[in-house]
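Worksheet: the structure to be examined is printed underneath.
The values are calculated or read from the model by the stated rules, or taken from the named source; none is laboratory data. For clarity, every value in this text was computed on a predicted model and none was experimentally measured. Positions of Cβ are backbone-derived with ideal geometry, glycine not excepted, and every protein chain shown enters the neighbour counts.
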């Protein structure tokens, strides 16, 4: 009977399939840091397992451990590249404009002294905020590795002596128990995401998983299926599952259990990977091997590059290409300088090494001259906490005021429409609701000075993602005023869909959103959003505060007393200007409405022709201006019109209606037309002797003087004539469609009457 499984003793050799695992883990982490792969953070668990495994198996077959040699080797492989990358990053970032690295001194201290993971816990830096606050947010992992490598030789000797002299099961069981203890601790702190993710005590379980597998493989034999194809299929199946978890498992989905599962899968991958003896394609493997060799340097370099590129405004796809190119380019340079042993390139290595040394020394210089702002930040935190207490005291007062002043805005709006001088008082007494982060929190007292009847909800480290929930709570409690202020985005931006949801929750209220001082992409997203919402107004705090260093404290974000005043005043002026614009728009609407009404108003100039027909015209044009003088001549007419134009009393429509008693020549009319070139002119004529077709603003109203419309003098119109004149004028000036029909009917009956007579 053929065996289904075979046991193979692990040999101390290099396994190619471990390179495949390492490269996939590296790319997954990199894509996660670029916000492309949402579950890539889990690859760090696999890295821990792999590190624990390789650490134990690399020492197991050695007869004696040379501590000095071990620590020197780890210093050259792990610590020296870390130091170089750290200080080169400091040197580059220190000379870049518009980059303020608040925690440079304490963060660099934590990195080079190996406690960055604990420092990030104390600084309350959320790894999952998806906001690049520092170039070294990823180095917590390296620092845990360094902590592990310090104690590992001692731990290994203990395991080795116990296993050799007593029982080889003891070190295996011990490592497994240590793994379980770490998992239990991780579960106990699961409510504190930072401790759970950053703490050495919660993350070391993955390392001990790797140690456990390494001990099992070293003391015993690797139990795998006998069939080579089956082994390979299972390996790739585990790899496929791992990749699926990197793709679909985000930080909000079962973080605790996901980290354990990924670590377990990695253990199985290692077990199968070391037992696959198939030869890989030489060209493909050269690429995989090459990336695997620089994987540590890629991990070190990635975040500083990403951090710098967030301040560079280029297309997103180009940014990703540049980031990848720069990360791998720098990584290969570091590998060439620190690991490449070919004597042929010795001179080039020395030159590159000198350049790296210069950059590092400059970074060290910048590090030493940088002030530690820990004390100032502590005081700032205390002040912000005090302001948080004050916010709670004002909440109850606001709830009472909002009920009493529910209808005040409508009354103040009426005052605004009638008297612009009231606008300052109206704005000051608005029921403003402010939602913000620590910047707003720091300026609370100044904001309440500007808006005493308002309510502000501000909190330290608040992200834009939290605004929706706060709005829901305010809406449910009927506390959302007519004007809303947002000061969010510095601690973490949210997606465009999230912002759209926030704006929609605000309804038709006036919304004011302050942009950020440091993050251009956040501001660009806000500007784009504002282009789609007329009630969303962006307060350009970045431009207003630019050049005013006196506004900011040591972090370049939070405000001094002068900055608080400017901050609150900027918000007040922005709201004031928006409501002033509303007032001006209302005034403009009134003016436009008035102008539209003026376009329907008429100024009549005439002599006896209009005197008789005045009562009939008055019925049709009750709000028209009438300038009627039986003694009118050209000079009088010209002067009267000039005065009306100068006094801005001339209506848009000017009607000239004169009978034959006034002798107005064609030239006279031309002068009058030129005088009224900005007006719409109607001229009543009785024949076609004048042609005004060259003037677009001139309309000719032809009126046929039939005998039945005339008095006995054959000049003045009788009652029928007056009525008919008014009818013809009205039909023409108001562009009634049935004018032509009436005219045709009139002519038809006139012809019949003439014929019968």
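General observations
- Any hit, the range 346-355, residues being in contact (Cβ under 8 Å) with a residue 24 or more places away in the chain and not assigned by TED's automatic domain parsing to the domain that holds residue 522: no
- Any hit, the range 190-212, residues being surrounded by 13 or more Cβ atoms within 10 Å (Cβ to Cβ), in contact with a strand residue (DSSP E or B) (Cβ under 8 Å, 6 or more places away or on another chain) and assigned to a loop (DSSP other than H, G, I, E, B): no
- Tally, over the range 443-454, of residues that are in a loop (DSSP other than H, G, I, E, B) and either in contact (Cβ under 8 Å) with a residue 40 or more places away in the chain or assigned by TED's automatic domain parsing to the domain that holds residue 101 (or both): 4
- The one condition in (1) surrounded by fewer than 15 Cβ atoms within 10 Å (Cβ to Cβ); (2) more than 30 Å from residue 519 (Cα to Cα) that residue 182 fails to fulfil: (1)
- Criterion (in a helix (DSSP H, G or I), under 41 Å from the mean Cα position of the chain (by Cα) and surrounded by 14 or more Cβ atoms within 10 Å (Cβ to Cβ)) met by exactly one of 336, 368: 336
- Residue, surrounded by the most Cβ atoms within 10 Å (Cβ to Cβ), within the range 227-255, restricted to residues that are in a loop (DSSP other than H, G, I, E, B) and touching a helix residue (DSSP H, G or I) at 6+ places or on another chain (Cβ under 7 Å): 249
- Checking the range 256-275 against the condition returns a match, with at least one residue being assigned to a loop (DSSP other than H, G, I, E, B) and under 18 Å from residue 21 (Cα atoms).
- Qualifying position, being at pLDDT below 55 and touching a strand residue (DSSP E or B) at 6+ places or on another chain (Cβ under 7 Å), among 441, 480, 391, 474: 391
- Residue within the range 641-664 that is in a helix (DSSP H, G or I) and modelled with pLDDT under 85 present: yes
- Some residue of the range 311-322 being modelled with pLDDT under 95 and closer than 13 Å to residue 134 by Cα: yes
- Out of 637, 650, 610, sole residue that is within 60 Å of the chain's Cα centre (by Cα), in the same structural domain as residue 698 (by TED's automatic domain parsing) and surrounded by 14 or more Cβ atoms within 10 Å (Cβ to Cβ): 650
- Residue that is at pLDDT below 85, farther than 20 Å from residue 622 by Cα, assigned to a loop (DSSP other than H, G, I, E, B) and out of contact with any strand residue (DSSP E or B) (no Cβ under 6 Å at 6 or more places or on another chain), where the choices are 745, 741, 712: 712
- Of all the numbered requirements in (1) out of contact with any helix residue (DSSP H, G or I) (no Cβ under 6 Å at 6 or more places or on another chain); (2) at pLDDT below 95, residue 184 misses one, and that requirement is (2).
Residue by residue, here is whether (1) outside the structural domain of residue 464 (by TED's automatic domain parsing); (2) in contact with a strand residue (DSSP E or B) (Cβ under 6 Å, 6 or more places away or on another chain); (3) part of a loop (DSSP other than H, G, I, E, B); (4) touching a residue at least 60 places away in the same chain (Cβ under 8 Å) holds:
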position	(1), (2), (3), (4)
93	yes, no, no, yes
105	yes, no, no, yes
111	yes, no, no, no
117	yes, no, no, yes
141	yes, no, no, yes
146	yes, no, no, yes
156	yes, no, no, yes
160	yes, no, no, yes
167	yes, no, yes, no
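- Tabulated pairs, the range 469-493, first assigned by TED's automatic domain parsing to the domain that holds residue 510 and farther than 26 Å from residue 540 by Cα, second modelled with pLDDT of 90 or more and part of a loop (DSSP other than H, G, I, E, B), C-beta under 8 angstrom, 6+ apart or interchain: none
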